[in-house]
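Here the structure comes first, spelled out in structure tokens, and everything after it is commentary.
The values are calculated or read from the model by the stated rules, or taken from the named source; none is laboratory data. Here the structure is a predicted model, which means the values were calculated and not measured. In this analysis, Cβ positions are derived from the backbone assuming ideal geometry, glycine residues included, and neighbour counts consider all displayed protein chains.
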Amino acid sequence: MCTVIVDRRPEADWPVVLAAIRDERLSRSWQSPARHWPDRPDVTGGLDDASGGSWMAMNDAGVVAVMVNRRGTLGPAPGKRSRGELVLEALDHADAVAAATALADLNPAAYRPFNLVVMDNRDGYWVANRGESRVAVTPLPDGLSLLAADDLNDPAGPRDRFRTRLAAGPRPDPARDDWHAWLEVMALSEHDPKDGPLGGMTVVTDRDYGTVCASLVGLPAPGLVAADGTPAVPLWLFAPGRPGDGDWRRVASAVPAPPR
């Protein structure tokens, strides 16, 4: 079960800070974020070798999309399209509003259930396919939200208790590359016995499943100037392993978004 953490503060210098933890079969091959798709030269994202899609990507307009499987729907299913395609399709749009509008018209029967976050530095949406007649598109609220295999900020979700811990700590500051409070929580594998290892933020099991990578993203406000006098640009840090392992790298091909 993957996890997305989002803190939206529209008046802040960095109105969006986001973390994403990917849990997957350890044997499923993937590649770190890069410009993997010749037909989408403006998109940077992680490549799922099995499907050709992505679990998380960003376009040069500063739109970010993150896919999360809903509970009990790991892996492909006969007759269903890959959910990883939707990450790329969302990034065919120049802003989150346009992406969410297009996604609202999806045929939910074509995909296994999913949660998809789509956002830019102004707007954010949660797109939920619960296997019903239509997908549900809901604006993300201001403040801290957590999304995993259930509904947004679901109090019954096994990871909801971490939302309280995240909210109690300092907000990340991308300008100073300070993510320590979130990283401490993201690295936790502690869990309630009733939930098993899947209840930890980092998943460690004795089988072919666990946390395989993680991302940290900051989206700057329009017109924000960095300390060196240049325009502030979206920041994406990526760890090709568990969040607590410390091997965080800047995604080099994440480029400046145009002014909004």
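Any idea which of (1) surrounded by 14 or more Cβ atoms within 10 Å (Cβ to Cβ); (2) within 18 Å of the chain's Cα centre (by Cα); (3) closer than 21 Å to Thr44 by Cα is the one Ala232 doesn't satisfy?
Failing condition for Ala232: (2).
Anything in the stretch 113-122 that is among the charged types (D, E, K, R) and touching a strand residue (DSSP E or B) at 6+ places or on another chain (Cβ under 7 Å)? List them, or say none. Talk me through it step by step, then tell me what you get.
Narrowing the stretch 113-122 to residues among the charged types (D, E, K, R): 120, 122.
Listed by number, the list holds a single entry, Asp120.
Please go through the stretch 164-182 and pick out each residue that is surrounded by fewer than 19 Cβ atoms within 10 Å (Cβ to Cβ) and either assigned to a helix (DSSP H, G or I) or modelled with pLDDT of 95 or more (or both). I'd like the intermediate steps shown before the answer.
We begin by selecting, within the stretch 164-182, every residue surrounded by fewer than 19 Cβ atoms within 10 Å (Cβ to Cβ); these are 164-165, 167-171, 173, 175-178, 180-181.
Of everything in the stretch 164-182, those that are surrounded by fewer than 19 Cβ atoms within 10 Å (Cβ to Cβ) and either assigned to a helix (DSSP H, G or I) or modelled with pLDDT of 95 or more (or both) turn out to be Thr164, Arg165, Ala167, Ala168, Pro170, Arg171, Asp173, Ala175, Arg176, Asp178, His180, Ala181.
Can you tell me how many residues in the stretch 2-35 are assigned to a loop (DSSP other than H, G, I, E, B) and buried (at least 21 other Cβ atoms within 10 Å of the Cβ)?
First pass over the stretch 2-35, keeping only residues assigned to a loop (DSSP other than H, G, I, E, B): 2, 9-15, 25-29, 35.
Those left that are additionally buried (at least 21 other Cβ atoms within 10 Å of the Cβ): 2, 14-15.
Total meeting the criteria: 3.
State which residue pairs qualify: first residue under 19 Å from Leu237 (Cβ atoms) and inside the stretch 6-34, second residue charged (D, E, K, R) and assigned to a strand (DSSP E or B) in any location, beta carbons under 7 Å apart, and separation of 6 or more residues or different chains.
Taking only residues 6 or more apart or on different chains, the pairs are Pro15/Arg8; Val16/Arg8; Val17/Asp7; Trp30/Asp48.
Against the condition closer than 22 Å to Met56 by Cβ and surrounded by fewer than 12 Cβ atoms within 10 Å (Cβ to Cβ), how does Asp208 come out, does it pass? Show your work before the answer.
On the way: closer than 22 Å to Met56 by Cβ: yes; surrounded by fewer than 12 Cβ atoms within 10 Å (Cβ to Cβ): yes.
Considered against the rule, which asks whether it is closer than 22 Å to Met56 by Cβ and surrounded by fewer than 12 Cβ atoms within 10 Å (Cβ to Cβ), Asp208 comes out as yes.
Which residue out of Ala90, Ala99, Ala65, Ala57 is touching a residue at least 24 places away in the same chain (Cβ under 8 Å), surrounded by 22 or more Cβ atoms within 10 Å (Cβ to Cβ), touching a His at 6+ places or on another chain (Cβ under 7 Å) and not charged (D, E, K, R)?
Numbers: Ala90 fails: touching a His at 6+ places or on another chain (Cβ under 7 Å); Ala65 fails: touching a His at 6+ places or on another chain (Cβ under 7 Å); Ala57 fails: touching a His at 6+ places or on another chain (Cβ under 7 Å).
Testing whether each residue is touching a residue at least 24 places away in the same chain (Cβ under 8 Å), surrounded by 22 or more Cβ atoms within 10 Å (Cβ to Cβ), touching a His at 6+ places or on another chain (Cβ under 7 Å) and not charged (D, E, K, R) leaves just Ala99.
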